[in-house]
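Notes to accompany the following structure.
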Amino acid sequence: AQWEASGRELWVSDGTSAGTVLLKDIVPGRHFVGQELSCDFFGCEVVDVYAPNSSDPSTFATLGNRMVFSAESVDAGRELWVTDGTRAGTVLVKDIFPGGSSDPRSLVQVGDRVLFSANTRDSDRELWVSDGTPQGTAMLKDIAPGAGEVGSSSPSWLTRVGGRLFFSADTPAYGTELWVSDGASAGTVLVKDIASGPTSTSPLSLAQVGDRLFFTADTPESGRELWVSDGTPGGTNLAADIVPLAVGSDPLDLTAFGERVLFSAFHPAYGRELWSSDGTPQGTTLVRDIG
């Protein structure tokens with residue numbers, strides 16, 4: 001929350017006005033932002049203008065009876081923090097990137113730990129795991145070893161399905177494809193090289209529906225269409241080629257609805273409308289041509 005006295009900081013609420021309070025001012029004080037002309041009845045003068053410092057907490061994930069989140073501090077930059085709902089229990093978990101910012105993103109609770117992407121000097125952005133303690137916070141797997149653009153797998157669209165985490169990641173050998181992790185390094189693997197070799201299908205809009213994952217992928221044969229996966233190569237397939245050939249229906253906003261997924265898709269006959277799918281070609285249909 002943003003407050004004039006403390007900037008954007010971490011707050012806590014029990015649902016009442018009296019119980020809604022600043023939990024911790026992680027970055028106290030104010031900083032100089034410039035000068036402005038201040039005028040009153042007696043004349044004008046140039047005055048210094050200051051604004052409150054902010055840790056700007058974001059990307060929250062529950063971890064048992066605690067909460068982990070990303071926050072910025074003067075000493076550590078943007079790093080992983082944890083809170084138990086008390087001021088004393090709101091602390092930096094680990095300075096993952098000393099001298100820089102690891103910028104934790106996409107925190108997702110899987111079992112008794114949180115998986116997320118983070119950036120370091122040696123490995124750039126890769127998949128990390130934390131139990132909320134310094135010793136339990138480490139890189140899960142260096143999917144694209146090395147530094148620089150080639151050495152960053154840039155995990156994105158982190159999505160939990162049951163006890164596993166699905167995500168999109170980039171490697172020199174496979175391009176950007178679908179990966180899955182059970183929380184262990186050995187269990188963090190490519191699901192399927194949908195477009196063989198370094199060609200990327202760039203999975204997007206990952207959505208959990210029951211015990212399956214729906215997502216969109218862009219292939220040379222079909223364009224960007226709806227796909228479904230159970231986490232195995234054989235169970236990762238094109239759900240439906242809504243617009244045949246390489247045009248693609250470009251599905252967006254995938255949302256679970258029971259055992260089906262609802263989404264918007266483009267078709268030359270209907271424009272962009274509401275569609276539904278159970279993961280099979282015959283079960284992927286236009287809900288209604290609203291316009």
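The values are calculated or read from the model by the stated rules, or taken from the named source; none is laboratory data. Predicted, not measured: the structure shown is a model, and the values here were computed from it. All Cβ positions, even for glycine, are placed from backbone atoms using ideal geometry, and neighbour counts span all protein chains on display. Ligands, DNA and RNA are stripped out before the accessible areas are found, and what is left, the full protein with its side chains, is counted by its heavy atoms. Shrake-Rupley method; radii C 1.70, N 1.55, O 1.52, S 1.80 Å.
General observations
- Residue within segment 224-232 that is under 26 Å from Pro104 (Cα atoms), buried (at least 18 other Cβ atoms within 10 Å of the Cβ) and over 19 Å from the mean Cα position of the chain (by Cα) present: yes
- Taking the conditions (1) open to solvent by 20 Å² or more (accessible area, probe 1.4 Å); (2) modelled with pLDDT of 95 or more; (3) more than 21 Å from Ser156 (Cβ to Cβ); (4) among the β-branched types (Val, Ile, Thr) in turn, Thr284 satisfies each one other than (1).
- Search result, residues across segment 58-72 that are open to solvent by 20 Å² or more (accessible area, probe 1.4 Å) and either of a type in the set (D, E, K, R) or assigned to a strand (DSSP E or B) (or both): Ser58, Thr59, Phe60, Thr62, Arg66, Met67, Glu72
- No other residue among Ser102, Ser55, Ser17 is in a loop (DSSP other than H, G, I, E, B) and in contact (Cβ under 8 Å) with a residue 40 or more places away in the chain apart from Ser55.
- Gly197 meets the conditions (1) open to solvent by 50 Å² or more (accessible area, probe 1.4 Å); (2) in a loop (DSSP other than H, G, I, E, B) in every case but one. The failed one is (1).
- Qualifying residue in segment 121-141 (condition: open to solvent by 30 Å² or more (accessible area, probe 1.4 Å), within 19 Å of Phe214 (Cα to Cα) and modelled with pLDDT of 95 or more): no
- Cβ pairs under 8 Å, 6+ apart, first in segment 33-52 and aromatic (Phe, Trp, Tyr), second assigned to a strand (DSSP E or B): Tyr50/Arg30; Tyr50/His31; Tyr50/Phe32; Tyr50/Val33
- On the stretch given as segment 142-185, residues that are part of a strand (DSSP E or B), among the small types (Gly, Ala, Ser) and under 24 Å from Asp211 (Cβ atoms) total 4.
- Extreme residue, nearest to Glu225 (Cα to Cα), among residues of segment 259-279 that are among the aromatic types (Phe, Trp, Tyr) and open to solvent by 50 Å² or more (accessible area, probe 1.4 Å): Phe266
- Scanning segment 68-112 for residues being among the acidic types (Asp, Glu), under 17 Å from Ser55 (Cβ atoms) and within 21 Å of the chain's Cα centre (by Cα) gives a total of 4.
- Members of segment 238-257 that are in contact (Cβ under 8 Å) with a residue 40 or more places away in the chain and touching a Gly at 6+ places or on another chain (Cβ under 9 Å): Ala239, Ala240, Asp241, Ile242, Ala256
- The combined condition, being at pLDDT 95 or above and open to solvent by less than 10 Å² (accessible area, probe 1.4 Å), is fulfilled by Thr216.
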